[in-house]
Amino acid sequence: MQRDTLGAFVPGTELRIEGAAEGPLKGLEFAAKDIFDIAGFVTGCGNPDWARSHPPATLTAWAVEAWLGAGATLVGKAITDELAYSLNGQNAHYGTPTNVNAPGRIPGGSSCGSASAVAGGLVDLALGSDTGGSVRVPASYCGVYGLRPSHGRVPLAGVMPLAPSFDTVGWFARDAGLLRRAGEALLGEDGAATPLARLLRAEDGFALARPEAARALAPWVARLEARLGAAAPVVLGEPGGGLGAWMLRFRVLQAREIWAVHGAWIEETEPSFGPEIAERFAWARSVPDEDAEAAKPEREAFARRLDELLGADGVICLPAAPGAAPLATTPAEALVEHRGRALSLTCVAGLARLPQVSLPLARVEGCPLALGLIGPRGSDRRLLALAESLGAEVLSGEAEDAGKE
């Protein structure tokens, strides 16, 4: 593992596992979020008590094996928020990985170390997980590309579960072409070949963004319209009370699943959690089963409506995050408000089990900001191809600007 100048890797864990001698990812290096099993190493999941109470893994996670088999070399275990239950990226035990593209600001979580390591050039690629936004949000904050795939598209074998009906394996890269290439080793073929050719603009999604963030993303929506035609305005949160109400349903469903998965270990071990994480698990314990049961059919109705809106060829654009990464010194109450806005944006793909890519195309307050694109279920490779074509426009524009200097 190369020298970690960013605090992105788990302290005291050094590893290097060479990839296959040949393959499409040959010569590239990657990190894996510390919820992915690596045979012979303890999967620490961001918490010392978890690491202490679990033995080394006997098998390596499917996704890690897939990249190794494609020729990439694993060089580090990346820090995660404790048990992957946060969007901030501030681990009370192991620290906050540096966000090189937004100095003094949080990297986003829970795949904080993965996003930090890619943004800072420590690795070419990194595996993360996305349950409620844990790839999409840090990709936006750190200025890298990230994908949350269709739920169930990438096997979760060897990955610590959080909320199984929302959990996905995601990944990061500094350019969209590499994001697509890495996906080819994980995704298999799309179920259909219909081009994504119809643009939908989530009006309530843009209303959740800070005004300066919405303005910064507007030119990129216009570029999409030049390709796909005028965007049809849609309001994703209606019927149902708005995106804020859907975010609350998401949180209830997620919490009950999280407590079902981790409650027994928490009660038996009484682990030491950071204040934010401790409060979140205490809330998860308190959520009544009947609240989650009531939200389940509402979730399915929401998913059916999104499927109908998208059809086989639609793509929804919305902000990947409500604004720039918050300052690391932001008061707790302000972080809670920002997190609520972020979850109101990210819950859409999670509830509907859809793929979403984060494209770091804009800047606000001098920091990265991503446009999110949601595709039909199973359109992951087509979505990555669209992201790559937009990323090529960024590279072309940068080359033109350099030529003028």
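General observations
- Strands (runs of 3 or more DSSP E) lying entirely in region 130-214 (those with 1 or more residues that are in contact with an Asp or Glu (Cβ under 6 Å, 6 or more places away or on another chain) and more than 30 Å from V100 (Cβ to Cβ)): 198-202
- Among the candidates G7, G44, G40, residue that is small (G, A, S), in contact with a helix residue (DSSP H, G or I) (Cβ under 8 Å, 6 or more places away or on another chain), in a loop (DSSP other than H, G, I, E, B) and free of Cβ contacts under 8 Å to residues at least 40 places away in the same chain: G44
- Test for L156: is it crowded, with 21+ Cβ neighbours inside 10 Å, within 26 Å of V252 (Cβ to Cβ), in contact (Cβ under 8 Å) with a residue 60 or more places away in the chain and among the hydrophobic types (A, V, I, L, M, F, W, C): no
- Condition check for L122: under 17 Å from I17 (Cβ atoms), outside any loop (DSSP other than H, G, I, E, B) and touching a residue at least 40 places away in the same chain (Cβ under 8 Å): no
- For region 221-234, the criterion of being part of a loop (DSSP other than H, G, I, E, B), over 24 Å from the mean Cα position of the chain (by Cα) and under 24 Å from D130 (Cβ atoms) is satisfied by no residue at all.
- Extreme residue, surrounded by the fewest Cβ atoms within 10 Å (Cβ to Cβ), among residues of region 64-114 that are in contact with a Pro (Cβ under 6 Å, 6 or more places away or on another chain) and among the small types (G, A, S): A70
- Any pair with Cβ under 7 angstrom, 6 or more apart, that starts in region 258-281 at a residue that is more than 13 Å from N91 (Cβ to Cβ) and ends at one that is small (G, A, S) and part of a helix (DSSP H, G or I): I258/A284; W259/A284; T269/S53
- A count restricted to region 300-337 and to residues that are surrounded by 21 or more Cβ atoms within 10 Å (Cβ to Cβ) and part of a helix (DSSP H, G or I) stands at 3.
- Of all residue pairs spaced 6 or more apart or on separate chains, those with beta-carbon atoms under 6 Å, a first member in region 331-355 that is charged (D, E, K, R) and a second member that is surrounded by 24 or more Cβ atoms within 10 Å (Cβ to Cβ) and in a helix (DSSP H, G or I) are R341/L208.
- Screening region 255-275 for residues that are touching a Phe, Trp or Tyr at 6+ places or on another chain (Cβ under 9 Å) and under 27 Å from A349 (Cβ atoms) and picking the one that is surrounded by the fewest Cβ atoms within 10 Å (Cβ to Cβ) gives G263.
- The residue that is nearest to R153 (Cα to Cα), counting only those in region 202-229 that are crowded, with 18+ Cβ neighbours inside 10 Å and not hydrophobic (A, V, I, L, M, F, W, C), is G205.
Read-outs throughout are calculated quantities, based only on the coordinates presented, and are distinct from any laboratory measurement. Since we're looking at a predicted model, the values are computed, not measured. Cβ: placed from backbone, ideal geometry, glycine included. Neighbour counts: every protein chain shown.
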